[in-house]
Every structure is written in structure tokens, then in C-alpha cells.
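Beneath this line is the structure, given in C-alpha cells, with notes to follow.
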Amino acid sequence: HADTAMYGAKAAGRNNFQFFVAEMNQRANERLQLESALRRALGGNQLSLHYQAQIDTASGQVVGCEALLRWHHPQRGMVAPDTFIPVAEDSGMIVPIGDWVLREACRQQAEWRNQGLGGLTLAINISAIQFQRESFPETVQSILAETGADPTAIELEITESALMQPGPVLSARLQKLVDLGLTLALDDFGTGYSCLAYLKRLPLSRIKIDRSFVTDLPGNTEDAAVVSAALSLAHDLGMEVVAEGVETAAQRAFLTERKCTLMQGYLFSRPLDAASFTSWVRGANKS
Ligand code: C2E
Ligand code: MG
Ligand code: MG
Ligand code: MG
């Protein structure tokens, strides 16, 4: 009996292992396919930027927008950034893709400037891998010069993972970007481990409260406590706060009560392609 039991366990173990290897191979294959498809996307006009409004609910005006990358694959259709950005980061493709995003967003800002919409702040997501390259500030500087974008209308959204190594190198890099006239925002606030007191020593103008903390407002008492505390501390430290993922009037009311007036979310607008956003914002800001 003992023998058969042993044999059974071993066989099952071996099968599990084979299953595991097969699954790993499949995943690795999918990733490789995605990676080479991404390489073709960059050269093949499959990438575009959509723009999502940022509202100052105190004035009711659209004050800016966030550029969000879209990949339209000829067979797969739309591929979500949460699927392909990690692949782009692992493969290093995020560097040329990130440069493309910067150039396209800056080109759009210059166009808006010529069309009388130069007052909108345009926020651009920057991957930690892109940000940590020594040449990053020079790349930004040359793209600004090349496109004629107004640096004071450009905001770079960086995540906590890009700010994990405090020191003179990080400070100098951030200062270079500020000296170019850009503003800096901390994206996905609350998902990392940094404390606001540390972040305050960096030249950040804004923090963006991650959607995961907004979704269950006002009912979730833990999220409500975190958001309230973050808001009062950020405001005391002189930083602006943008709340992401605002979908309901109740979320809006909760935030407004706590003096957070900058909001982004489906309640106001989904991300739109450039032409749709441009005409939508003209209508929205008319009154
Ligand atoms: P993120 O920077 O935090 O962007 C906000 C995400 O929340 C966007 O998802 C946006 O469409 C979504 N969102 C905004 N309001 C609402 C809402 O009311 N409800 C819901 N359910 N969702 C809302 P998206 O466009 O899928 O982008 C996901 C993430 O991919 C971004 O999160 C950002 O981390 C990354 N990403 C997007 N574009 C770029 C890019 O150009 N470069 C880099 N490095 N990352 C990017
Ligand atoms: Mg963002
Ligand atoms: Mg965010
Ligand atoms: Mg987020």
C-alpha cells in the first residue's frame, strides 16, 4: 500500500512539473510574440495617444489632460497598456516607445498652442526605466526644441519606483527637468511605500491619488481615512492633488468636501482621441 501511495505521489508530482513547464513555455512564447508585435507596432503606425480631461471642479473648467498610450494591433484589436507596458519595460522597448510618446504629446501641445488651447496642461506618463536613463533630461530638452511645445504646459507623471534611490543623482535629474520649465507629478500615489514627508523634499508640484483608493469612496472607511489623511498632508505641504478614477457624484462630493478639486475620471470624460478631445474641450470650456 505504502508503495503504491508513493508511486502515486511521484507520478502526480511529475505530471504537475510537466504541466508547469508547458505552461511556462506557453507564457514565455506569448511574451515573445507580444514583444515582436510591439516592435512592429512602433514602426507601423499602430500606436496613438488618447487624452483624458482633468477638471478643476471649483471653476468647472477643463484645466488639462493626461496622454494615455493606445496600441491598435491589426489582428488582436486594442491591447491594454497594463498588458503591453510591462512587456515593453522588460524588453527595453519602453525607451523608444517612451520617446515616441514624448514627441507625439509635445507635437500635440504645440498644435493646441497654435489653436488657442495652449493653456491646457498636458501630462505625460514616464516609465521608471525611461526616467532613470542618464540621457533622459537631454532627450526631453531636444524633443521640446524640435516640436516647439511650451515646457510650462507639460507635466511629467513619474511613479514612486523612479524615486526609490534618494541622493544627489536623483535630485540633479529632477532639478534639470524643473529648470527646463516642466512640472512634475507623482503618479499612483498610495500604491508604493514612500512617505509624503520624503516626497516633499523633491520638486514635485502634484500628487495623483491612485484610482484604487477612489473606487470605493465614500463607503469604504479605510480608503476614506487614507484619502483624507493624504489630502490634508499634501495640502499642508503645499502640493496639489489630482484624484484619479472619479466615476460617481458621491466620490466627487467626498473629495470636494476635503478640498480636493482637481479630478480626472469617467464622471467627466473617458480618454478620447486627439480630434474628439479637442472638440469636446472647446464645448466644455465655452461656458
Ligand atoms: P495611469 O497613469 O494611472 O492612468 C490612469 C488610468 O486610469 C488610465 O488607464 C485611464 O484610462 C484609467 N481611468 C481614468 N479614469 C477612470 C475611471 O473613472 N474609471 C476607470 N475604470 N478607469 C479610469 P489606461 O489608459 O488603461 O492606462 C493604464 C496605465 O498604463 C496608466 O495608469 C499608466 O501607468 C500606463 N500608461 C498609459 N500610457 C502610458 C505611457 O504613455 N507611458 C507609460 N510609461 N505608461 C503609460
Ligand atoms: Mg498617469
Ligand atoms: Mg495614475
Ligand atoms: Mg493608476
Please work out which residue is nearest to Phe254 (Cα to Cα), limiting yourself to region 200-211 and to residues that are within 14 Å of ligand 4 (Cβ to nearest atom) and of a type outside the set (D, E, K, R).
Ile209
Give region 149-180 a look and list any residue that's farther than 21 Å from Val101 by Cβ and open to solvent by less than 40 Å² (accessible area, probe 1.4 Å), or say none.
Gly167, Leu170
Residue check for Phe131: within 15 Å of ligand 2 (Cβ to nearest atom) and either of a type in the set (Gly, Ala, Ser) or under 28 Å from Ala41 (Cβ atoms) (or both)
yes
So which residues in region 212-228 are more than 14 Å from ligand 4 (Cβ to nearest atom) and either among the basic types (Lys, Arg) or assigned to a helix (DSSP H, G or I) (or both)?
Thr221, Glu222, Asp223, Ala224, Ala225, Val226, Val227, Ser228
Here are some residues: Thr183, Thr191, Thr215, Thr221. Which one is of a type in the set (Ser, Thr, Tyr) and buried (at least 17 other Cβ atoms within 10 Å of the Cβ)?
Thr183
For region 61-94, enumerate the residues that are open to solvent by less than 30 Å² (accessible area, probe 1.4 Å), touching a strand residue (DSSP E or B) at 6+ places or on another chain (Cβ under 9 Å) and more than 16 Å from ligand 3 (Cβ to nearest atom).
Val62, Trp71, His73, Val79, Phe84
Residue tally, condition more than 16 Å from ligand 2 (Cβ to nearest atom), hydroxyl-bearing (Ser, Thr, Tyr) and either buried (at least 17 other Cβ atoms within 10 Å of the Cβ) or not in a loop (DSSP other than H, G, I, E, B) (or both), over region 45-60:
2
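The values are calculated or read from the model by the stated rules, or taken from the named source; none is laboratory data. The shown structure was predicted, so the numbers you read here are calculated from the model rather than taken from an experiment. Neighbour counts are summed over all protein chains in view; Cβ atoms, including those assigned to glycine, are modelled from backbone coordinates with ideal geometry. We work out accessible area using only protein heavy atoms, side chains counted, and drop any ligands, DNA or RNA first. Shrake-Rupley method; radii C 1.70, N 1.55, O 1.52, S 1.80 Å.
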